[in-house]
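Okay, so here's the structure we're looking at.
The values are calculated or read from the model by the stated rules, or taken from the named source; none is laboratory data. Keep in mind the model is a prediction, meaning the values are calculated, not measured. Please note: Cβ atoms are built from the backbone with ideal geometry, for glycine as well, and neighbour counts cover all protein chains shown.
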Amino acid sequence: MLTKKSIFLAILFTLSMIMVACSSQEYTTAKLALQQSDWAKASEWLPKAMAVEPNNPEIPIVLGVEIYAKDSQWANMVNMFETAMGINPEKVVEVRGSFISVKDAVSNYTEFYWAQEFNIGVEQFKKIQEDPDNKPDYLETAIFHFINAATINPTDANTHATLARCYFDQGNKGAAKKAALTAVEKNPESFDANFGAGQILIRAGASSKDVLPYYEKAALIEPSNSKLLRELAGTYYDLGLKEKSIEVFENAITNEEDKIVKADLYFNLGVIHNQMKNFEGAETAFDEAFYLNEDDFEAALGMARSYEGLGDNFLNGYEGFEKDIDKAAKWFRKAEKKLKAVMILDIDNKESYQKNLELIRYKRDVAEGN
């Protein structure tokens, strides 16, 4: 009595025999060559089989996997996959003993070979940290494999973005820009593609005006990404859109939960307020930054400069301030005290702050009539 398993195997064998029987002599010859690992003969007969069976999507997939992928002829492999998809993406075919639809076979093998090449590129890139003296050789090899990965799956934005960074490290700014823009072209809704393009373009010498659309697009995709918002705010500032820059930083602060990152955002906000001569706003921002991260001597230094700026305004009646030497002296004393705190926090550079400290003391003496 036949078991269910025996019946199933018998049916499977019968189906496979029917499929073999339906194959052309050319394809049968090619498959026999593959079974014998006779790659030269298989590469000769598979194209002949395609010619006599133009509506069989299995043949181009087998040619792509067994011949072109084996020889790292990635463009030819992709072309065969596209040919198979154009014939019938839903048809079930046999590839390496497995029965699978054309679209699943194409997807699986594309992903497999893409990952293979991409990961080799990543490994080469990692070697730079271990052996920096041979960085040019590692970069060249990494780029070679990332190009292969991009050929295998041209729609993967991360591949083009990674390739762009490699080109930039290599010193090839033109190729870096092209790869970065390709990443956006292939996947315009990708945060990494748009943010990466902005970073590469600005480092390659592009103007803030050219970079802005990519940062704005990235902000639409991930509106609370603090790293992106810092770059966007800085770009607005470079373009003279200071109020918009402040708005972006305030938004980033609202959306950030990490104390250290939030401290950095407050610090950057303070820098912009300082540059705008808005010393009261700068003082508030730097004070928040220092509160969140007491080891941030730069925030403390920013506070000292804000206090000094307020002292200058009251001493000289600048920026709409009414001249008031008592208030000026008060802010100079606060600046002196905060700068001394900076000298303790950043003790290695204590001497570099000495001249600034002496200048603040001189201004304080002037305000106090000494």
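Evaluated against (1) farther than 21 Å from LEU163 by Cβ; (2) out of contact with any Ser or Thr (no Cβ under 8 Å at 6 or more places or on another chain); (3) in contact (Cβ under 8 Å) with a residue 24 or more places away in the chain, LYS91 falls short on exactly one condition, (2). The criterion of at least 3 residues that are free of Cβ contacts under 8 Å to residues at least 12 places away in the same chain is met by the following helices (runs of 4 or more DSSP H) wholly inside the stretch 204-280: 208-221, 242-255.
Within the stretch 114-172, being among the β-branched types (Val, Ile, Thr), closer than 19 Å to PHE195 by Cβ and surrounded by fewer than 20 Cβ atoms within 10 Å (Cβ to Cβ) holds for one residue alone: THR155. Kindly establish whether TRP45 is in contact with a Ser or Thr (Cβ under 6 Å, 6 or more places away or on another chain) and at pLDDT 90 or above. Taking the combined requirement at face value, the residue satisfies it.
Matching residues to (1) outside any helix (DSSP H, G or I); (2) in contact with a Leu (Cβ under 7 Å, 6 or more places away or on another chain); (3) within 27 Å of ALA150 (Cα to Cα):
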position: LYS48; (1), (2), (3): no, no, no
position: ALA51; (1), (2), (3): no, no, no
position: PRO60; (1), (2), (3): no, no, yes
position: LEU63; (1), (2), (3): no, yes, yes
position: GLU66; (1), (2), (3): no, yes, yes
position: LYS70; (1), (2), (3): yes, no, yes
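Restricted to helices (runs of 4 or more DSSP H) entirely inside the stretch 284-370, those with at least 2 residues that are closer than 30 Å to GLU257 by Cβ and out of contact with any Asp or Glu (no Cβ under 6 Å at 6 or more places or on another chain) are 297-316, 325-345. Every listed requirement among (1) touching a residue at least 24 places away in the same chain (Cβ under 8 Å); (2) out of contact with any Asp or Glu (no Cβ under 8 Å at 6 or more places or on another chain) is met by GLY171 save one, (1).
For the stretch 319-329, residues that are surrounded by fewer than 19 Cβ atoms within 10 Å (Cβ to Cβ) and on the phi < 0 side of the Ramachandran plot total 7. Scanning the stretch 134-162 for residues being farther than 26 Å from ASP71 by Cβ and at pLDDT 90 or above gives a total of 3.
Residues in the stretch 117-138 that are among the hydrophobic types (A, V, I, L, M, F, W, C) and farther than 13 Å from CYS166 by Cα: ILE120 alone.
Considering the stretch 58-75 alone, what residues qualify as being touching a helix residue (DSSP H, G or I) at 6+ places or on another chain (Cβ under 7 Å) and buried (at least 16 other Cβ atoms within 10 Å of the Cβ)? ILE59, PRO60, ILE61, VAL62, LEU63, GLY64, VAL65, GLU66, ILE67, TYR68, ALA69, TRP74, listed by residue number. GLU44 satisfies every condition listed in (1) under 41 Å from the mean Cα position of the chain (by Cα); (2) surrounded by fewer than 19 Cβ atoms within 10 Å (Cβ to Cβ); (3) not small (Gly, Ala, Ser) except (1).
Rundown of residues vs (1) modelled with pLDDT of 80 or more; (2) surrounded by fewer than 19 Cβ atoms within 10 Å (Cβ to Cβ); (3) within 18 Å of LEU339 (Cβ to Cβ); (4) more than 31 Å from the chain's Cα centre (by Cα), yes/no style:
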position	(1), (2), (3), (4)
LYS277	no, yes, no, yes
THR284	yes, yes, no, yes
ALA289	yes, no, yes, no
LEU310	yes, no, yes, yes
GLY317	yes, yes, no, yes
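The set of residues in the stretch 354-370 that are at pLDDT below 85 and within 41 Å of the chain's Cα centre (by Cα) is empty.
Within the stretch 330-360, being of a type in the set (Gly, Ala, Ser), surrounded by fewer than 21 Cβ atoms within 10 Å (Cβ to Cβ) and touching a helix residue (DSSP H, G or I) at 6+ places or on another chain (Cβ under 7 Å) holds for one residue alone: ALA341. When you check PHE168 against the structure, is it more than 19 Å from PHE118 (Cβ to Cβ) and among the aromatic types (Phe, Trp, Tyr), yes or no? When the stated conditions are applied, PHE168 does not pass them. Residues that are more than 13 Å from the chain's Cα centre (by Cα) and part of a helix (DSSP H, G or I) were ranked within the stretch 183-198; the one that is nearest to TYR236 (Cα to Cα) is GLU185.
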